[in-house]
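Read-outs: derived from the displayed coordinates by stated rules, not from any lab. This is a predicted model, so every value here is computed, not measured. All Cβ positions, glycine included, derive from the backbone under ideal geometry; neighbour counts span all protein chains shown.
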Amino acid sequence: MTTSTRRIAGALAAATVSHPEPDAVEGTSAVVGGLPEPRRISIALEDVSKVYPNGRRALADVDLAVPDGDFVFLVGPSGAGKTTLIKLLIRDEVATSGTVFVAGRDVSRLSRREVPKLRRRIGIVFQDYRLLPNKSVRENVAFALEVTGTPGRQIRPAVERVLALVGLTAQGDQLPTQLSGGEQQRTAIARALVHEPRVIIADEPTGNLDPLISWEIIQLLLRINELGTTVLMATHNAEVVTALRRRVVALEDGRVVRDEVGGYHREY
Ligand SMILES: Nc1ncnc2c1ncn2[C@@H]1O[C@H](COP(=O)(O)OP(=O)(O)OP(=O)(O)O)[C@@H](O)[C@H]1O
Ligand SMILES: [Mg+2]
C-alpha cells in the first residue's frame, strides 16, 4: 500500500463507522466466500409503482434489495425510470404503491420533520454537482454539517478528513467556478460523505465529465464502497459498467428487466 493509499484508507475507515441503530429490515442472507453471512439491507423496494400526476407510469412493480456494502449500477435507456427510482429513495417523490426502505426507514411513512434525518443517513450525488457558488470547497462541505446543527468544533476535522479522502485538500479555499468538473464532482462527493452515510446514491455522477475524469470519479466511489459504504449509481456509461463486472440492475419502461453481475448490455 502506498502512503497516499494508506491515508485514504484511514480516512475512509473513519468515515464509515458502523451505524448502531436498529433496522426495520434485517436478516437477508448473502453468500460471501461460500458461507452464508447475514447482511443488513441498505435499500429495499417492494412492489413499487410510481405514477406521476399526469398519468405517466414511471415505475411498475419494482422489487429490489441492496444489502449493505453492495455496489450497484442502475442502467437503462432514457426515460426508463432511473431518476424516478432515486427520487423515491431520497423522498423527493413518494411511491404511488409499494414500500421503499432506505437505511432502515420506511421512506413513504416519514413525516416532513423526519425527511432531513433520512437525508443525513444517505449521501446524494447529482450529475450537475449542485454546489453553492459563493462558498469555497471547504465551506460547501462544512455547510452540509452546519445545517444539521453539528457542533462547530466537530465540523473542521470532519471536513478536512473528507477533503483528504477525495484529494482536494489543496483546493479547499477555491470557489466552484475555479474548479474543473471532476474537482466539482469530488467536492460534491465529499459533501455527501461528510455525514458518514450508510449509502451513497448517485444519479449519473459522471454524466458531465470526460472519460478519463469519469474513471477517476468511479475509482473514488469504488474505494468508498470497499470501505463499507453501499453505493447505488445510475449511469449511461456503458464502458465503465461493462469493465467493472459489478451488480447491474437494468430498468426498461419502469420495470426491472435484469439484475445480475455483468455488463451494460445483456450478455447471452
Ligand atoms: N415530474 C414528472 N411528471 C411526469 N412525468 C415524469 C416526471 N418525471 C419523470 N417523468 C417521466 O417518467 C419517466 C421516467 O423518467 P426518469 O427521469 O425517471 O427516467 P431516467 O431513466 O432517469 O432517464 P434519463 O436516462 O434520461 O435520465 C419518463 O417517461 C419521464 O418523462
Ligand atoms: Mg435520469
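Before moving on, here are some points about what is shown:
- Amide H to amide H, with H built 1.01 Å from N, His195 comes under 5 Å of no residue 5 or more places away or on another chain.
- Taking every alpha-carbon pair in segment 182-268 and binning the separations at 10 Å intervals from zero gives 16, 50, 30, 5, 0 percent.
- Relative packing of 215-225, 238-248, which averages over residues the other C-beta atoms within 10 Å, highest first: 215-225, 238-248
- Whichever aspartates and glutamates have a C-alpha closer than 12 Å to that of Lys135, once near sequence neighbours (fewer than 8 apart) are set aside: Asp173
- The lysines whose alpha-carbon is closer than 22 Å to the alpha-carbon of Lys87, local same-chain residues fewer than 8 away aside, are Lys50, Lys117.
- Close amide-amide hydrogen proximity is noted between Val72 and Val231, Leu232, Met233, each under 5 Å apart and 5 or more residues distant or on a separate chain (H modeled in the peptide plane; Pro and chain starts excluded).
- The amide H of Ser42, built 1.01 Å from its N in the peptide plane, has Val66, Asp68 as neighbours under 5 Å, considering only residues 5 or more places off or on other chains.
- Radius of gyration (Cα atoms) of segment 41-262, expressed as a multiple of 2.2 N^0.38 Å: 1.00.
- Phi angles across segment 135-144 convert, under the Karplus curve 6.51 cos²θ - 1.76 cosθ + 1.60 with θ = phi - 60°, into 3J(HN,Hα) values of 10, 5, 3, 4, 5, 4, 6, 4, 4, 4 Hz, Gly and Pro given as x.
- Coarse-grained scattering of segment 95-194 at q = 0.11, 0.14, 0.19 Å⁻¹, given as base-10 log I(q)/I(0) from a Debye sum over alpha-carbon atoms: -0.38, -0.58, -0.90
- Ellipticity at 222 nm from helices only: DSSP H runs of n ≥ 4 in the chain, each -39500 (n - 2.57), divided by the residue count, give -10000 deg cm²/dmol.
- Across segment 173-189, coupling constants 3J(HN,Hα) worked out from phi with the 6.51/-1.76/1.60 Karplus curve, θ = phi - 60°, read 9, 7, 7, x, 5, 9, 10, 6, x, x, 5, 4, 5, 5, 4, 5, 5 Hz, and Gly and Pro carry x.
- For peptides 75-82, 177-184, 195-202, sequence by mean Cβ density within 10 Å, most packed first: 195-202, 75-82, 177-184
- Relative to the longest principal axis of the Cα atoms of the chain, the long axis of helix 3-15 makes an angle of roughly 60 degrees.
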